[in-house]
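Colleague: Sending over a structure as structure tokens; questions will come in a sec.
The values are calculated or read from the model by the stated rules, or taken from the named source; none is laboratory data. Model, not experiment: these values are computed from the prediction. Methodologically, a virtual Cβ is constructed for each residue, glycine included, from the backbone with ideal geometry; neighbour enumeration extends over all protein chains shown.
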Amino acid sequence: MKIPARDLKSVMQSNDVGSIQELMFGTMLETDKDRPPSVDRENSRVHLYLRSSSVSGICPCCGKRSDTVHCSNFRHPQWMPINGMTTFAHIELHRFRCENEDCPQKTFVEQLDNARRNQHRSDLVNLIIFAISVFCSDIAASLICQEMGIMVSHDSANRILSHILVEDDPDIEVIGVDDVSLRKGQTYHTVIYDGNDHHLLALLDGRDGAALKEWLKDHPKVSLVARDRASAYASAITEVLPQAMQVADRFHILQNLLGYLNDIFKANMPQQIFIRDGVVMDEPPDKVFVPSVPIDSPEMEDLHYDNSPPMDANGKEIPYCNKQRNENRTRDKEYAKNRRIKYERILNLRQEWEKTGHKNKKEFARQHAVSVPALNRYLGMSDEEVENILEVNEYKKRKTDMDDYMNIVFKMLSDGHKPALIYSYILHCGYKGSLDSLINHIKAIALNNFNIRLRKNFQAKETYPEDVTIIRRFDVLKYITMKDKGKLKDSDVAKYYEQIRGKYPAVKICAEIWDAFYPVLMGDDPDKLDSFLDTYENSIITPFVNGIKRDIAPVKNAISSPVSSGFVEGGNCRYKATKRLMFGRSGINHLFLKTYAISIIMRQGKSASSLIENWLTS
């Protein structure tokens, strides 16, 4: 057989094995010749029958070898699936009698190489379940394994996770600290990351600094802590490890300054800035209504409707109501009330006439204040005609400009087109009549025939005039704080920035503050920070300056130290992704183990098996 070149190196490096069975089950197991393998296709299961070939065993209690067989025991572990079918290995093992008379354990069962004691699955199956569950929720891991042919519940996947060996290094020197939420606004935790390889070290309950103090007491060699501006963490670190260098996060410092600048903008500028003819307007312009669908839209060219009557599938004309009625309108309510009065009066006259025994009509009409011809008409009506009095009479509609477009409206509504499109299409077709009449007829046909109640001004959207440029207050602040302003060189903000700056003094003030502080914080000379603080000590950002002074050493360390909190924010992203893939169904211990495992695998390059190696080999 000729071996492909791409596989030749692998073949040359491989070792000979006696059989595939030896590779799957090891040398101590052999096929039970009395019971061949069986396949349960209905339940998609494979059953393999094996027996031990060993003639002796080692007592797990005293360590002495014994070759005296006491009896046989059976184990039925789940093995790696074959062809996607759940595979069970039914193994007959020897129970040996311990020959050491002083050993308290009189008999023992030989142990399998590939399945731990008291386990329902082989080690490899457990490892596969663990590797999947690390990066999925327990329920998702269970479902994925079932598709592969591994039967496991989400609780079992959860229990395997508890066997992760968490290694704590008491000699750690550089760490990062931050707070994360389990439930936003409700439950918060403190996370600690290794400053070297950035893996998760601890997930502590709360963010008040109490748990952090206890953790720091067990790690006295910590010499540098990257943290945010939280005072609780600063106090805890200073109290337990006063000699440790604290490095404030530059991102959070800039975020604090942006918060103050944003407050200044809110207090001195409108949310939207309107510019017409290059001049910033003092007041917003009046809004105008424009069609939601432009009349000259290319979409109109694909529509082809005429005013022929609508037809059903059998070629019969479809009747519909195009009258403008509204049961909530005062006029229509009055009409309905009068129809009810007339209906009840006719019913009463007919009932009274039956009671009189058909006597003198003239006298009966006089008594009920009705003419004889009217009485004859009422008495001659059928029951159906009397009931029809409550219905709206369909009078012939007078000719209007909409007559040439009424059928178009009905057919377009029948085809599911949006009313706003129908409005624009009618105008596109050349309608020259009243716009209010067009709007009212579309509303009437939609309500009477399709039970669609349209909102006021359904056909248009309210917007500002086209000759007005609108710039958001936020966009101005974004332009001020952007490092590379060339990215916005073609934007409206860049075009009208000088006009806005001249109109609102707050823009100039905030721009000067940002331009003075950003180079200092992102530079490498912490002494320049003192000059900035002196300049703006009594200014509009005095609270920000006072906050920097209270945390002056960590802020200066952020300028001079090469260490930042970037790795902390990266770790937080892994934490958030893990929390979300678990759908929030987790306690703090389970969440820590899963996040810890992910960070170890991703940051240290370890395999999943190394995390539970002690459990697999115990």
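Okay, residues lined up against (1) over 39 Å from the mean Cα position of the chain (by Cα); (2) in the same structural domain as P554 (by TED's automatic domain parsing); (3) surrounded by 11 or more Cβ atoms within 10 Å (Cβ to Cβ):
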residue	(1), (2), (3)
Q243	yes, no, no
P270	no, yes, yes
F289	no, no, yes
S308	yes, no, no
A313	yes, no, no
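Colleague: Also, quick follow-up: Just give me the residues in segment 227-241 being touching a residue at least 60 places away in the same chain (Cβ under 8 Å) and either of a type in the set (D, E, K, R) or over 19 Å from K556 (Cα atoms) (or both), in sequence order.
Modeller: Across segment 227-241, the qualifying residues are R227, D228, R229.
Colleague: Hey, can you tell me all the residues within segment 397-415 that are assigned to a loop (DSSP other than H, G, I, E, B), touching a residue at least 24 places away in the same chain (Cβ under 8 Å) and more than 51 Å from the chain's Cα centre (by Cα)?
Modeller: Residues satisfying the conditions are K397, T400.
Colleague: Separate question: How many residues are without any contact (Cβ under 8 Å) to a residue 24 or more places away in the chain and farther than 15 Å from T535 by Cα when one looks only at segment 503-518?
Modeller: Result for segment 503-518: 1.
Colleague: Determine if segment 499-510 includes at least one residue that is assigned to a helix (DSSP H, G or I), farther than 30 Å from I600 by Cα, touching a Pro at 6+ places or on another chain (Cβ under 9 Å) and among the charged types (D, E, K, R).
Modeller: no
Colleague: Looking for whichever is among the hydroxyl-bearing types (S, T, Y), surrounded by fewer than 21 Cβ atoms within 10 Å (Cβ to Cβ) and in contact with a Leu (Cβ under 9 Å, 6 or more places away or on another chain) here; the options are S133, S44, S52, S122. Which one fits?
Modeller: S52
Colleague: When you check D475 against the structure, is it assigned by TED's automatic domain parsing to the domain that holds I552 and free of Cβ contacts under 8 Å to residues at least 40 places away in the same chain, yes or no?
Modeller: Judged against the criteria, D475 is a match.
Colleague: Can you tell me which residue is nearest to D551 (Cα to Cα) among those in segment 213-226 that are over 31 Å from the mean Cα position of the chain (by Cα), buried (at least 18 other Cβ atoms within 10 Å of the Cβ) and among the aliphatic types (A, V, I, L, M)?
Modeller: V225
Colleague: Evaluate the following for D306: is it closer than 30 Å to Y496 by Cβ, assigned to a loop (DSSP other than H, G, I, E, B) and modelled with pLDDT of 85 or more?
Modeller: For D306, the condition - closer than 30 Å to Y496 by Cβ, assigned to a loop (DSSP other than H, G, I, E, B) and modelled with pLDDT of 85 or more - is not met.
Colleague: Mind listing whichever residues of segment 442-475 are of a type in the set (A, V, I, L, M, F, W, C) and either over 33 Å from the mean Cα position of the chain (by Cα) or closer than 19 Å to P419 by Cα (or both)?
Modeller: I442, A444, I445, A446, L447, F450, I452, L454, F458, A460, V468
Colleague: Return the pair list, or none, for Cβ contacts closer than 6 Å from residues in segment 552-577 that are not assigned by TED's automatic domain parsing to the domain that holds S231 and surrounded by fewer than 19 Cβ atoms within 10 Å (Cβ to Cβ) to residues that are part of a helix (DSSP H, G or I) and among the charged types (D, E, K, R), at least 6 apart or on different chains.
Modeller: Correct list of pairs: empty, since none qualify.
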